[in-house]
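Everything below concerns the one structure shown next.
The numbers here are math on the coordinates, done by the rules we state, and not lab data. Please read all numbers here as calculations on a predicted model, not as lab measurements. Here the Cβ positions follow ideal geometry from the backbone for every residue, glycine too, while neighbour counts run over all protein chains shown.
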Amino acid sequence: MRDKMVDLRSDTVTRPAVGMRRAMAEADVDDDVLGKDPTVDRLERRVAELLGKEAALFFPSGTQANQAAVILHTRPGSEAVCEAESHVFHYEFADAAWLAGVQLHPVVSDRGSLTARDVAAAIRPGDRHHPTTTLLCVENTHNMHGGSVVPLPAMRAIQELARERSLPVHLDGARLWNAAAAAGVSLEEFSSCADTITVCLSKGLGCPIGSLLAGPSDLMAEAWSVRKRLGGGMRQVGIIAAAGLWALDHNLDRLDEDHERARRLALGSDSLDGLRAEVPDTNIVMIHLEREDLDEETMASELEARGVLVLPAGPGRLRAVTHLDVDDGGVDRCLEVLSGLLA
Ligand SMILES: *Cc1c(COP(=O)(O)O)cnc(C)c1O
């Protein structure tokens with residue numbers, strides 16, 4: 001059934017390609033808790049190099065990688081500054097509080113790009129009355145701001161501020177691949193603006209599972225124990241790391257295709273009476289319902305009944321994400337169904 005659907009719910013819905021499955025089946029493996037799995041080792045080295053960091057560590061999820069970073073950079077009873085619509089704030093089950101004992105201090109931004117000025121205002125003065133700020137978090141691309149790219153100068157400004165205040169920066173780069181492709185900026189340039197970076201293989205790169213945390217080798221050595229403590233020690237995990245290596249070879253250079261389809265989907269939606277959509281920087285289209293008689297839950301189920309899956313994203317808004325398993329025909333189909341529903 002799902003095979004016949006145009007599935008725009010997320011770029012996490014992709015099914016591993018035949019070649020990826022073969023690479024997984026043939027992966028050279030060993031116990032990665034007892035020692036080192038050779039395929040994981042290759043993936044970690046490769047991602048560290050791509051990001052220009054000393055080391056990287058393979059995690060089962062982006063959430064766990066982000067939370068390991070929060071634990072590593074902070075101490076209980078302190079505060080981390082983050083963007084108000086960020087994943088770390090909304091979609092990680094208050095893990096910063098639960099696991100790290102850290103309070104998050106959300107800062108509102110335009111399109112997910114925090115300004116140094118607003119972040120500076122959120123950093124605590126270090127007096128007797130306030131908690132201590134121990135970390136700055138940024139997200140790029142920004143998911144809930146419609147896959148927006150935080151431009152390199154904005155990232156540099158935050159890094160500059162962090163240096164002045166001797167604070168570490170963690171970059172939630174779940175979709176940093178998309179940011180780099182869209183901005184024509186290298187992964188390394190973006191990640192040079194942060195001390196640690198989370199990247200996800202399970203989004204646009206089409207892997208079934210997997211994220212990495214990259215940073216300085218001493219910190220990544222500590223991250224190993226934090227991961228173990230969080231239940232993220234995995235044994236013959238080269239089976240899934242092999243998917244990551246395959247994805248870097250085959251799926252990294254094609255992200256512009258997803259961006260182009262998202263652009264067409266946004267322009268097409270925007271041209272329909274009752275809908276508004278901005279052309280996204282990358283692969284996430286936010287479709288605003290502008291007519292009184294339209295609501296996101298009803299629209300999503302009407303679309304589903306006609307073979308198109310999207311997710312409601314707050315009042316009067318739908319989220320549609322392009323990815324490996326959505327072709328030009330899928331975008332056409334979505335626009336056709338939207339047009340029929342609105343007629
Ligand atoms: C998907 C995502 C994550 C990590 O999600 P997991 O489902 O835990 O892998 C982190 N940050 C952002 C911005 C994401 O979109």
- Once all Cα-Cα distances of the range 209-268 are split into 10 Å bins that start at 0, what whole-number percent is in each one? 17, 31, 27, 18, 7
- Note on the structure: If unit charges are put on Cβ atoms (+1 for Lys and Arg, -1 for Asp and Glu) and the dipole of the range 18-250 is taken about its Cα centre, the option from S202, S61, L99 lying farthest towards the positive end turns out to be L99
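Less than 10 Å Cβ to Cβ from T134, Lys/Arg counted +1 and Asp/Glu -1: what total charge do the surrounding residues give? Spell out each step's value before the answer.
Values: positive: R75, R124; negative: E79.
With Lys, Arg at +1 and Asp, Glu at -1, the neighbours total +1.
How would you rank T322, T14, T132, going from fewest to most other Cβ atoms within 10 Å of each one's own Cβ?
Numbers: T322 30, T14 22, T132 14.
Ascending number of Cβ neighbours within 10 Å: T132, T14, T322.
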- Item | Range of Cα positions in the range 1-119 per principal axis (Å), largest first | 49, 43, 28
- Query: Taking Rh as the Kirkwood radius, which is the inverse of the mean 1/r over Cα pairs, what is the Rg/Rh value for the range 1-57?
  - Reply: 1.12
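For the peptides 150-158, 223-231, what is the packing order when you average, over each peptide's residues, the other Cβ atoms within 10 Å and list the highest mean first?
Details: 150-158: 19.8, 223-231: 16.6.
Order by mean packing, descending: 150-158, 223-231.
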- nm² value of the averaged projected area, convex hull over the Cα atoms of the range 236-288: 4.6
- Query: How much of the DSSP beta bridge set in the range 18-250 is antiparallel, as a percent to the nearest 5?
  - Reply: 40
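Given a cut-off of under 8 Å on Cα pairs at least six residues apart, what relative contact order in percent is computed for the chain? Before the final figure, lay out the partial values.
Details: 730 pairs, mean separation 82.8, N = 343.
Over the chain, the number comes to 24 percent.
When C137, C82 are ordered from fewest to most other Cβ atoms inside 10 Å of their Cβ, what list results? If you can, show how the numbers build up before the last one.
Values: C137 31, C82 27.
With the sparsest Cβ surroundings first, the list reads C82, C137.
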- Item | In order through the range 246-262: 3J(HN,Hα) via Karplus (6.51 cos²θ - 1.76 cosθ + 1.60), integer Hz, x for Gly, Pro | 4, 5, 5, 6, 10, 10, 6, 8, 10, 5, 4, 4, 5, 5, 5, 5, 5
- For the range 85-149 and the range 274-290, write down the distance between their C-alpha centroids in whole Å. 25
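Taking the range 278-343, which trypsin sites (Lys or Arg not before Pro) meet the DSSP loop condition and have no more than 12 other C-beta atoms within 10 Å?
Values: sites: R291, R306, R317, R319, R333; in loops: R291, R306.
Those satisfying the criteria are R291.
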- Task: Would you list the P(r) distribution for the range 260-317, with all Cα-Cα distances sorted into 5 Å bins from 0 and each bin expressed as a whole %?
- Result: 4, 21, 26, 30, 15, 3, 0
- Query: For the chain, what does -39500 (n - 2.57) per DSSP helix run (n ≥ 4), summed and divided by total residues, give at 222 nm, in deg cm²/dmol to the nearest 500?
  - Reply: -12000 deg cm²/dmol
- Fewest to most Cβ atoms within 10 Å: V107, V47 sort as V107, V47
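Compute the signed sum of charges (Lys and Arg +1, Asp and Glu -1) over the other residues within less than 12 Å, Cβ to Cβ, of G35.
Numbers: positive: K36, R235; negative: D30, D31, D32, D37, D41.
With Lys, Arg at +1 and Asp, Glu at -1, the net is -3.
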- Which value, in debye to the nearest 20, gives the size of the charge dipole of the chain about its Cα centre, when Lys and Arg are +1 and Asp and Glu are -1 at the Cβ? 720
- Order these peptides, 87-99, 232-244, 196-208, by their mean beta-carbon neighbour count within 10 angstrom, highest first. 196-208, 232-244, 87-99
- Task: Return the loop-located trypsin sites (Lys or Arg not before Pro) in the range 238-286 (DSSP other than H, G, I, E, B) with at most 10 other Cβ atoms within 10 Å of their own Cβ; answer none if there are none.
- Result: none
- Compute all pairwise cysteine Cβ distances in the chain, then list the cysteines with no distance under 4.7 Å to another cysteine. C193, C200, C207, C334
- Enter the Cα centre distance for the pair the range 198-258 and the range 164-191, rounded to the nearest angstrom. 16
- Note on the structure: Rounded to one decimal in nm, the spacing of the 7 Å Cα→Cβ label points at D127 and L267 is 5.4
- Query: Which percent of Cα pairs goes in each bin when the distances of the range 18-250 are cut into 10 angstrom slices starting at zero?
  - Reply: 8, 35, 36, 17, 4, 0
